Amino acid sequence: HDFYGQRLTLEVCAQIRYSLSEEQKEGSVVGNLAKDLGLDTRTLKERGFRIVSTSGDSLFTVNQKDGILSVNGKIDREEVCERSGSCVINLKIALENPLEIHYVSIEIVDVNDHAPTFPEKEKRLEISESALPGARFQLQAARDPDGRMNSVQQYKLSHNDNFRIEVKDRGEDRKMPFLILQKPLDRETSRRHKLVLTALDGGRPPKSGTMDIIVDVLDVNDNMPVFTQEVYSVTLHENVPVGTTVIQVNATDMDDGPNGEVFYSFGKDIDSRLIHLFDLNSRTGEITIIGQIDFEEMNNFEIDIQASDKGSAPLTSDKSITIKIIDVNDNGPEIEVTSFSSAVPEDSKIGTTVALISVSDLDSGVNGKVVTCSFPEDIPFKLMPSSQENTYSLVTTSSLDRETISRYDITLEAKDAGQPPLSSVKSITVQVSDVNDNSPEFSFSPYAFYVMENNAPGKYLFSVSASDKDTGENSVVSYQIWRDGVENKYTSFININSENGEIYALKSFDFETVKMFQFHVVATDSGTPSLSSNVTVNVFILDQNDNVPVILYPVSANGSAEGVEEIPRNVNAGHLVTKVRAYDADIGYNGWLLFSLQEVSDHSLFGLDRYTGQIRTLRSFTETDEAQHKLLILVKDNGNVSLLATATVIVKVVEPKEAFAASDVKNAVKDEEENNVTFYLIITLGSVSVLFVISIIVLIVMQCSKSTDYSSKYLQDTNYDGTLCHSIQYRSGDKRYMLVGPRMSIGSTIVPGSNGNTLVIPDRRGRDSGEQHIHYPEKRKHEQEMETNRERLTVYIGWSACWVLNNWVYYIKWI
C-alpha cells in the first residue's frame, strides 16, 4: 500500500548477467539495461530508474535517459575479490509506478596484469659437504595476485649438476618449490653455488619472476690445530709493569672457515691465582701481565694453554709454558701492631703500655734487615725495644689530659738496610678516655637577677647554667640550692630544676618587705666520685605600682581624709590656704605623686600646685563670695596604671579679727614642726654619711687582704645605679620633704629567656675570677662565712651610698 492506502503491485523480473574485464576505464559501457529489460527509455526518469542496493554500487552508475549501465571508476579484480576464484558483483535496479525490482550480476573477468614475485630477491643456503643426495631444502613460493590460470603455474631452475627443483601442489593456486640435492658436494672443488629460480604464470604470453639462490658449502672439521714450537719457556723479573708481554704462542689448522680458525684459552686445571696474574689473548695467543708478580709469593709458574678451532665439533691441542721469576728488592719493612689499647684513661701512670709493635721484612739478606723504627717526638709516647728482635712497646712518657688533647694520631716509620733503603709507615690512633677530673663551671659568677615584685608563685624566674669539660656521664650536671644549715629564710621561697637549672618562686615577693636576698646554687656532675662547684645568686626585687597614695593631711578625727581650714576674708591673691600631704609606699615614678582639683565650688577662687599640694587663693574675696567652700583633691601616682586617693578640704571664710588669733597659734605650731623636722633630717643624713664612710674604709681593708682575683669579683656593675626609685613624702608647714632610696636604672637590660620579668647584670669579668667550690670539711666553713659576709657588706655599702647621695641631693634642692 502506498501513503494513501492504495494497493501497489510489485513485479520482479528475471536476473540479467553481464561479463566485464577488469581494468576498464571510467565510463565504459557494461550493457543497456533499458533495452535488455524491455523498458521505455522515455519513462525511466519519471519512474526513478536507479541502483538501490548492491555490493558494489559505487563501482557502477545508470543513465536515466537511455538506461545504459556504465563503469563509475577503474575496477581492479584483485582489490574487489582479492583471491576468490570467481568475482561477481550483484546490483539491484528499482523503478516506481509500478514498483519493479531487477537483479543484475556483473562478472569481473581476470586479466593477466601481474607478474609472479618472490618475497626475497636472494636466498642464501648453507649446506655441509657431508650432506647426502636426496636432501630437500624448502624455498619460499612466489606470489601472483592474478587468479586461476594467470597465477603461478610452474618453477624452473638454472642448469646445475648438483641440484634440481621439485614442486609440490598445495591447492588454491599454491605451488611450493623444494631444492633437491642430487649429487654430493665437494668444498675443495667448489665452495659456493649460484642458482636462479624462475616462477612462471599461465598467461599468454606468460609473465615471470626470479630469485637468486646462493649455496655455501660448509666445511667438515677434520684437522686439529698444531703448535709451531715443541717447548715454550721464558724468564721474567718480578714487579714488571702491568701490560708487559711475556710470550706469544702460535698454532695453525689446515681446515677452512671456522674449522680452521684457531683461538687460545687456559687449560681446564689451571691454578686460579694465575688467572689474576696473566691474561691470554684468545685471538693472538699473546700472554700479558695483569697482576703483581711477586717472587716472595711464587718464583715459578707453569701454564697450560689450549688451541681450539671453531668447528661445530671443535678439535683441541694442548701445550705447557714455563715461566721463571727473577727476584728483586721490592719489599719494605712491614709494621704489625700485635696488641693495642685504643683508649687510654687520662689518669694513666707514666710508663703505661699502649701497644706492642713488631716489624718484619719479606726480603732476605741485607734487604730484609730492619735498622730503624721511629715516630715524631712531640707526643707523650716513646718506643721501648724488647728482648725479641724487631719488637717494640709503645708507652706513655708524661701525663695525659683529655680536655687538652683527646686523641693522638701516631705515625710509625720503619726502614730497612737495602740500597736504596725502603721504608714503610703505619698510623695508629690512641683515644684518651675521660676521667672525672673537672668540676662544673658556671657561666657567670656571681649571678645578679632582677625580679619584679608580685610575681606569680610557681612561675619561672630565671636560670643558672654550668658546663663540665668532661664527657659522657662525667659531664652531666645537676643543680640544687645549697642549704648548709645556716639560717636563710629566702632559700625556702625558691626551688630549682635539677636538670636545667631553671629557678622558680614558691611565693610572691613584696618589694616593700624585702628588696634583695642571695643564695647559693650547687652544680654537681654525675661522675664517680662526683665533683661540684657553687655560685652566689643575688636577687634584687623591683618595685611595681601596687600601693595607693596615703593621705597624711588632712586627716579628721574619725580617720577620713577631710579637714577644715579658716582664712580671713581680707587675704590677698596668692595666700597659702593649706597643703595636702600624701605618702606612697612605692618608689620612683610609682611613688611620685601629683595633685589636682577634682571638685571646687568656685574655680576662680582657689588654685592647687600639682607638685607640692599647696592650695592658694587666686584672687581676693568679695562680699558676694560664699563663706564656706568645699575642695575635693585628687592625689595619684605616676605608675603605668596610676593609683589614686582623694582628700576633702573645707575652707571657711571668717572676719579678720576672728582668724587672727587662730592664725598665730597655727603658724607657731607649723614653725616648730618645721624646725624639728629639719633638725632630725640633718642628724639622720649626718649619721648615715659617717656610717657610709666607715663602711668604705672597712671594705677597703677587707679587699686589700684578699687576692687580686678575688677582689675583682665584687666590682659594681654599671647597669645598676643608685638613682631615685623610692620616695617618702611628708610636709611640715610650708616645707615639703622627700626621703629617697636606690632604684634600678632605666637603662638596665632584660636578658632574653628570662620571661620578661627578670633583669640580669652581665658579668664582664672572667668566668674563673669568682668560681667557688664547696668542700664540706669544717676547715672550709669559716672561709665561706667570710665570703658571705663580704658579699652582704658590699651590697649594703652600695645601697647606702645610693641612699645617702640621693637624699643629700634632695635636701640641697629643698633648701
### Task
Determine which member of the set 446, 440, 457 is in contact (Cβ under 8 Å) with a residue 12 or more places away in the chain, of a type outside the set (Gly, Ala, Ser) and touching a Gly at 6+ places or on another chain (Cβ under 7 Å).
446
### Task
List the strands (runs of 3 or more DSSP E) that sit entirely inside the range 87-138 and contain at least 2 residues that are assigned by the TED database to the domain that holds residue 51, under 30 Å from residue 50 (Cβ atoms) and open to solvent by 40 Å² or more (accessible area, probe 1.4 Å).
88-95, 99-109
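Conditions tested, residue by residue: (1) open to solvent by 50 Å² or more (accessible area, probe 1.4 Å); (2) under 20 Å from residue 361 (Cβ atoms); (3) outside the structural domain of residue 358 (by the TED database); (4) not hydrophobic (A, V, I, L, M, F, W, C).
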position	(1), (2), (3), (4)
378	yes, no, no, yes
388	yes, yes, no, yes
392	no, yes, no, yes
405	yes, no, no, no
409	yes, no, no, yes
416	no, yes, no, yes
423	yes, yes, no, yes
### Message
Among the numbered criteria (1) at pLDDT 90 or above; (2) of a type outside the set (S, T, N, Q); (3) open to solvent by less than 30 Å² (accessible area, probe 1.4 Å); (4) over 55 Å from the mean Cα position of the chain (by Cα), which one does residue 550 miss?
### Response
(3)
### Task
Return a yes/no flag: does the range 268-278 have any residue that is at pLDDT below 90, β-branched (Val, Ile, Thr), open to solvent by 20 Å² or more (accessible area, probe 1.4 Å) and in contact with an Asp or Glu (Cβ under 8 Å, 6 or more places away or on another chain).
yes
### Task
Kindly provide the set of residues from the range 504-531 that are in contact with a Ser or Thr (Cβ under 8 Å, 6 or more places away or on another chain), surrounded by fewer than 20 Cβ atoms within 10 Å (Cβ to Cβ) and of a type in the set (Gly, Ala, Ser), ordered by number.
526, 530
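For every residue, the table says whether it meets (1) over 29 Å from residue 121 (Cβ atoms); (2) part of a loop (DSSP other than H, G, I, E, B); (3) open to solvent by less than 20 Å² (accessible area, probe 1.4 Å); (4) outside the structural domain of residue 285 (by the TED database).
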| position | (1), (2), (3), (4) |
| --- | --- |
| 180 | no, no, yes, yes |
| 187 | no, yes, no, yes |
| 198 | no, no, no, yes |
| 205 | no, yes, no, yes |
| 235 | yes, no, no, no |
### Task
Go through (1) among the hydrophobic types (A, V, I, L, M, F, W, C); (2) farther than 29 Å from residue 299 by Cα; (3) in a loop (DSSP other than H, G, I, E, B); (4) touching a residue at least 60 places away in the same chain (Cβ under 8 Å) one by one and return the number of the condition residue 379 breaks.
(4)
### Message
Going through 174, 124, 164, 136 one at a time, which residue ends up being out of contact with any helix residue (DSSP H, G or I) (no Cβ under 7 Å at 6 or more places or on another chain), within 22 Å of residue 203 (Cα to Cα) and not hydrophobic (A, V, I, L, M, F, W, C)?
### Response
174
### Task
Would you be able to say whether some residue in the range 207-218 is over 30 Å from residue 191 (Cα atoms), out of contact with any Gly (no Cβ under 8 Å at 6 or more places or on another chain), surrounded by 13 or more Cβ atoms within 10 Å (Cβ to Cβ) and assigned by the TED database to the domain that holds residue 307?
no
## Note on the structure
From the option list 610, 581, single residue qualifying as assigned by the TED database to the domain that holds residue 635, among the basic types (Lys, Arg) and surrounded by 18 or more Cβ atoms within 10 Å (Cβ to Cβ) is 581
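Conditions tested, residue by residue: (1) under 29 Å from residue 198 (Cβ atoms); (2) in contact with a strand residue (DSSP E or B) (Cβ under 6 Å, 6 or more places away or on another chain); (3) free of Cβ contacts under 8 Å to residues at least 24 places away in the same chain.
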{"residue": "64", "(1), (2), (3)": "no, no, yes"}
{"residue": "78", "(1), (2), (3)": "yes, no, no"}
{"residue": "122", "(1), (2), (3)": "yes, yes, no"}
{"residue": "127", "(1), (2), (3)": "yes, yes, no"}
{"residue": "130", "(1), (2), (3)": "no, no, no"}
{"residue": "142", "(1), (2), (3)": "yes, yes, no"}
### Message
Regarding the range 99-116, can at least one residue be identified that is closer than 21 Å to residue 207 by Cβ and modelled with pLDDT of 85 or more?
### Response
yes
### Query
Of all the residues that make up the range 10-21, how many are in contact with a helix residue (DSSP H, G or I) (Cβ under 7 Å, 6 or more places away or on another chain) and at pLDDT 80 or above?
1
### Message
Of everything in the range 619-657, what is β-branched (Val, Ile, Thr), open to solvent by less than 20 Å² (accessible area, probe 1.4 Å) and free of Cβ contacts under 8 Å to residues at least 60 places away in the same chain? Give them in sequence order.
### Response
633
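The values are calculated or read from the model by the stated rules, or taken from the named source; none is laboratory data. On a predicted model such as this, the values are computed, not experimentally measured, just so you know. Quick reminder, even Gly has a Cβ in these numbers, built from the backbone with ideal geometry, and neighbours come from all protein chains shown. When the accessible area is computed, the model is the full protein with side chains, heavy atoms only, and any ligands, DNA or RNA have been set aside. Shrake-Rupley method; radii C 1.70, N 1.55, O 1.52, S 1.80 Å.
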